[in-house]
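The values are calculated or read from the model by the stated rules, or taken from the named source; none is laboratory data. Predicted model only: the values in this text are computed from it and were never measured. Glycine gets a Cβ as well: all are built from the backbone with ideal geometry, and neighbour counts include every protein chain shown. These area figures cover heavy atoms from the full protein model, side chains too; ligands, DNA and RNA do not enter into them. Shrake-Rupley method; radii C 1.70, N 1.55, O 1.52, S 1.80 Å.
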Amino acid sequence: MISKSKIFLAIIFILNSFVFAQNITISGFVEDSKSGERLIGANVYEKNLQIGAATNNYGFFSLVLPQNQNYNIIVSYIGYENSQLNLSTKKDTLLQIELLPKSIETEEILVESEAIDEITKNTQMSNFNIPIKQIVSIPALLGETDVLKALQLLPGVQSGNEGSSGLYVRGGSPEQNLILLDGTTVYNASHLFGFFSVFNSDAVKNVNLLKGGFPARFGGRLSSILEINMKEGNNKEFEGSATIGLISSKVTYEGPIYKDKTSFIFSARRTYIDVLAQPFMDDNEYGGYYFYDLNAKLNHIFSLNDRLFFSLYLGDDEFYAVSKSDFDYSNSSNDFSLGWGNITSVIRWNHIFSNNLFSNVTANFSRFRFYTDVESSSEYNNEKEIYRAEYLSGITDFGFAIDFDWIPNQSNNIKFGANLFHHKFNPGVFQYSISQNIDTSISASSLHNAIELRGYFEDDLEINSNLKINAGIHTSLFAVNNKNYFSFEPRISLRYLIEDWSIKTSYTFMNQYVHLLANSGIGLPTDLWVPTTDIVKPEKAHQAALGISRNIFDNEFEFTVETYYKKMNNLLEYKEGAEFFGLNSDWQSKITFGEGTTYGIELFLQKKKGNTTGWIGYTLAWSKREFDELNNGKEYPYKYDRRHDISLVLNHKISESFDASLTWVYGTGNAISLPLVQYYGNSSLFDQYYNYNYQQLEYFGEKNSYRMPAYHRLDLACRFMWGEENSSVFTIAVYNAYSQKNPFFYYFENDYMNNKKVLKQITLFPIIPSISYSFKF
């Protein structure tokens, strides 16, 4: 019997054979003429034949054209002057094309209408690419520009709690997002208990989010793929920039080590809340908090065919508190520290085997760890006792990948490759000791080592001028504790043109072998990364989507409508009453398994060109969960089930030296559980019989049956710019401009005067003004 995989591959290769002729290939790289930075997603278009391509993540393109002597090539990229090349050649040609950035005096002009139109002609749907310049202009909390908060303003993407940088994409949870920094997994993307992300916008080159219609080259998560690429470093001249803000400052410096051959970039950011608070601290009671990020990248050009990169990210959050007391006969001290952080590093080699075959080989490392350390010491009459408790958890990855881009003819763009990962999971080690009797007790959840192997093949195939298909297969093998899991994941996306309208549909099957046990709702990363085991099965998701899109008003606006349905299985949650710090049981005994269903419709209207830019997005969605051991086995709304979600983002260039921006968001309130009845009783039959532990108990009723009020907020910002090419920028911003009292969480308080309980609301952020100053040097 013929397997499904063989049938699927046969279909792809049959379609692949439709168009073969005597062709030549024009390929190469597109880069910034001033810095040498290669441009992602630049359009390369042969005007006479109306054949186009876009550069990949490394600035490479390949155009397979019918053999002809004269070609008229137009190269375009938003924010850059168009370039036009007239070529006379009958053989394969490798080019290095430089685009000149538009000066601030240059009027924004539209790309020629004949040029490649990505939103309608591309098979990819559910995809967003936000220019860094636009992210920087969005008003930000405390003046901290944040990549993830900008993504929360897109349809189908929600924030969690007030101010959180977490991403909840199409009803999924944050761990179901694959976040890649230069192709390396980032397991925890939060600073300041979730209020900021770890991505320093000054070091970021490109941000691309996929919510569905995932190509076969991606795997391992259920909800989204977020690709963030770091800048490569200016290989022509030295330059730097710095920003001074209310809570943090950052500096970036880049330049050539060997001009036009080797370059570097270094960027650092640190908060100074702890430094500013230090003079006001008591010598006997003090504490502090700070976070930092370090980004570094080196790249070397051996030739036009070969390039080598090395990139590194280091980031940590540190919180500490100390209290001391000193008397004549006794003294004591208590020290508490809490921290978490990431390390990612990758070495990458790009190589062109031929004008239509590009390869990318990478070796990477990623580590996330979380720890707490509590030490209490006391001394009385020269007898000293020290109690110490430590907790440590995390995950470490070593990976290797090889990827190929092959363009055999003008109708096919084939990608294939393989990935190998070694995962080391540390779900939690708790240790405590008492020095007086030198007693030590250690409780450790079992450590897990796992191997994950992935392979893929995909073809972006143009059948005719109207129909285009992206079809592929993603396969994976996960080996852990002598147990092997195999997954075969078909992917397909279709695009059909009807006049100026593009109709797109897609189906994807995704598999996820790593899981996050969420224990905290405020961004504290006590959550545990755990693997699939012989008890814990892989999470799975089927997603189907249908959409229409087109450019309107002379390509000045993009309009998209999409509807989707996603079914998820083998989701993990803690059982009711499970204890995070339990010493006598493994994490696998504390969890239960269930499924989720999410569906909705998203509308998006974006303006990318002109003095006024921005977008408006609307989402109507449902997200539900069902677990046999939760809510009596009944279906309930997911915590972040949000029926209506609206976002408005506008930026207006008033003059060459002044612009203003605003964002307004509205969302249905989160679903939470509140006790319906409070009473006094005993917690067990034994207690009831012997009348022990007589205490106040609560009955919650249906899970997540209470809705918080709707969330809405207006943010404003204006930027004053001066100096050569606006090298100095002063920003004034206001977060929550009309000081809406949005709820962060609720609690009950006793009203003794009226003998009843009163529900109280905690609001985290009222109106918050901020200022920052940025300059280049």
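Points to keep in mind about this one:
- All other residues whose Cβ lies under 11 angstrom from that of SER774 are scored, Lys and Arg at +1 and Asp and Glu at -1, for a net of +2.
- In nm, spacing of pseudo-spin labels at PHE310 and PHE365 (7 Å Cα→C-beta vector): 1.1 nm
- Cα-based reach from LYS468 at 17 Å (exclusive), listing aspartates and glutamates while leaving out same-chain residues under 8 positions away: ASP117, GLU118, GLU458, ASP459, ASP460, GLU499, ASP500
- Only Lys, Arg, Asp and Glu carry charge here, each on its Cβ (+1 for the first two, -1 for the last two); on that basis the chain has a dipole of about 2060 debye about its Cα centre.
- Neighbourhood charge, 13 Å Cβ-Cβ cut-off, centred on ASN355 and excluding it, Lys, Arg +1 and Asp, Glu -1: -1
- Principal-axis tilt of helix 4-16 within the chain, Cα atoms, nearest 10 degrees: 30 degrees
- Computed over region 340-428, the Cα gyration tensor eigenvalues convert (square root of 5λ each) into semi-axes of 53, 11, 8 Å, ordered from largest to smallest.
- Shape of region 140-250, Cα gyration tensor, a/c cut at 1.5: oblate
- Descending semi-axes in whole angstrom, ellipsoid equivalent of the chain, from the Cα gyration tensor: 47, 31, 27
- Protein heavy-atom accessible surface, 1.4 Å probe, per residue over the chain: 44 Å².
- For region 237-300, the alpha-carbon radius of gyration amounts to 1.60 times the rule-of-thumb value 2.2 N^0.38 Å expected for a compact globular protein.
- Bridgeable lysines around LYS236 (alpha carbons under 24 Å apart, same-chain partners fewer than 8 residues away excluded): LYS34, LYS102, LYS133, LYS205, LYS250, LYS259, LYS261, LYS297, LYS776.
- Over the chain, dividing the summed -39,500 (n - 2.57) contributions of all DSSP H runs of at least 4 residues by the number of residues returns a 222 nm mean residue ellipticity of -1000 deg cm²/dmol.
- Antiparallel bridge percentage (DSSP; both residues within the chain; nearest 5): 95 percent
- Cross-link reach list, aspartates and glutamates versus LYS424, counting only Cα pairs under 13 Å and skipping chain neighbours closer than eight places: ASP397, GLU452
- Between ASN482 and LEU674, the modelled labels are 5.3 nm apart [label points 7 Å from Cα along Cα→Cβ].
- The PHE658 and ASP628 beta-carbon pair, evaluated with R₀ = 56 Å, returns a calculated FRET efficiency of approximately 0.40.
- Environment charge at TRP664 (Cβ cut-off 9 Å; Lys +1, Arg +1, Asp -1, Glu -1): 0
- Prolate/oblate/rounded call for region 546-664, Cα gyration tensor, a/c under 1.5 rounded: prolate
- If you take the Cα centroid of region 205-278 and the Cα centroid of region 171-203, the two points sit 12 Å apart.
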